[in-house]
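Just so it is clear, none of the values below were taken in a lab; they were calculated from the coordinates. In this text, all values refer to a predicted model and were calculated from it rather than measured experimentally. Positions of Cβ are generated from backbone atoms using ideal geometry, with glycine treated the same way; all protein chains shown enter the neighbour counts.
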Ligand code: FPP
């Protein structure tokens with residue numbers, strides 16, 4: 001009937017919700033997810049990759065522009081060596097198995113973190129995936145790997161200090177933009193929302209500078225259980241937040 005939507009027309013995903021431009025995720029709880037099921041921790045990481053694949057798809061469908069995931073922190077080296085090498089191999093396998101799909105889905109991949117601590121073949125792989133997806137214009141997937149935010153800020157400070165020492169920069173010209181441009185995340189917008197799974201409520205050295213005005217949403221599910229419903233619940237919570245960025249907000253005027 002004219003004027004009435006056809007019964008099989010689905011609402012746009014996320015209709016009525018505020019969609020963050022940039023979502024950051026601390027994918028926590030793989031180990032606990034596995035332990036609860038009597039499995040090895042590494043099996044939790046394998047499931048974690050499936051969740052990540054799902055989230056990339058949801059971000060595309062819901063119109064998120066940037067997704068940054070914390071997949072190996074510079075502090076994770078303190079884990080048993082077997083687990084560390086398993087996570088490294090997961091990154092290799094993720095790139096090998098998903099590269100074509102990412103290209104098809106117009107996803108641009110960027111890997112942030114300290115490359116000096118990675119072996120040469122992994123660095124080549126990372127360069128390759130960035131290169132092969134660099135012309136893509138859809139979702140930007142940022143994988144924080146061997147990443148620590150304090151080290152990132154130290155490295156930016158060193159870079160600026162070298163510029164000053166070389167006479168190319170005056171100390172008073174150092175401002176937030178210049179410092180931001182010296183971070184791994186140069187050119188990316190700051191995250192609007194940071195999600196952490198598995199009930200922990202801390203940042204653990206993730207995007208400390210960039211998260212200055214991010215909304216935090218902590219969810220109880222372990223990362224392998226984080227699905228589309230979980231994502232929509234996060235969007236609902238985010239949509240209710242009054243973001244004031246230090247001002248008084250629209251409702252107060
Ligand atoms: C957190 O669970 C997960 C990690 C430290 C890293 C593994 C991340 C993934 C498998 C997702 C995708 C990875 C890549 C490389 C693309 P945890 O081990 O800290 O869990 P726990 O707190 O329960 O021990």
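At 222 nm, what helix-only mean residue ellipticity would the chain give, in deg cm²/dmol to the nearest 500, using -39500 (n - 2.57) for each DSSP H run of four or more?
Value at 222 nm, helices only, nearest 500: -13500 deg cm²/dmol.
What is the gain in length, in nm to one decimal, between residue 232 and residue 165 on full extension, counting 0.36 nm per residue of separation less the C-alpha to C-alpha distance?
19.2 nm
May I ask you to derive the FRET efficiency for residue 35 and residue 204 from their Cβ-Cβ distance with R0 = 30 Å, giving the value to the nearest 0.05?
For residue 35 and residue 204, the calculated efficiency is 0.95.
Roughly speaking, what is the centre-to-centre gap between segment 188-253 and segment 62-138 when only Cα atoms are used, to the nearest Å?
Centre-to-centre distance over Cα atoms comes out at 23 Å.
Give me the percent relative contact order of segment 57-137, please, defined on Cα pairs under 8 angstrom at least 6 residues apart.
29 percent
Report the percentage of all Cα-Cα pairs in segment 163-253 whose separation exceeds 22 Å, rounded to a whole percent.
So the portion of pairs separated by more than 22 Å is 47 percent.
Using the per-residue mean of other Cβ atoms lying within 10 Å as a proxy for protection, in what order, highest first, do the peptides 146-157, 173-184 fall?
Highest-to-lowest ranking by the protection proxy: 146-157, 173-184.
Hey, with R₀ at 22 Å, roughly what FRET efficiency would residue 103 and residue 21 work out to, going by the Cβ-Cβ distance, to 0.05?
0.45
Given R₀ = 35 Å, what would the calculated FRET efficiency be for residue 175 paired with residue 82, taking r from the Cβ atoms and rounding to 0.05?
Given R0 = 35 Å and the Cβ-Cβ separation, E is 0.20.
What does the extension gain come out to for residue 241 and residue 213, with contour length at 0.36 nm per residue minus their alpha carbon separation?
That pair, residue 241 and residue 213, stretches by 8.9 nm at full extension.
Please label the shape of segment 17-107 as rounded, prolate or oblate, based on the square roots a ≥ b ≥ c of the eigenvalues of the alpha-carbon gyration tensor (a/c under 1.5 means rounded; beyond that, a/b larger than b/c means prolate, else oblate).
prolate
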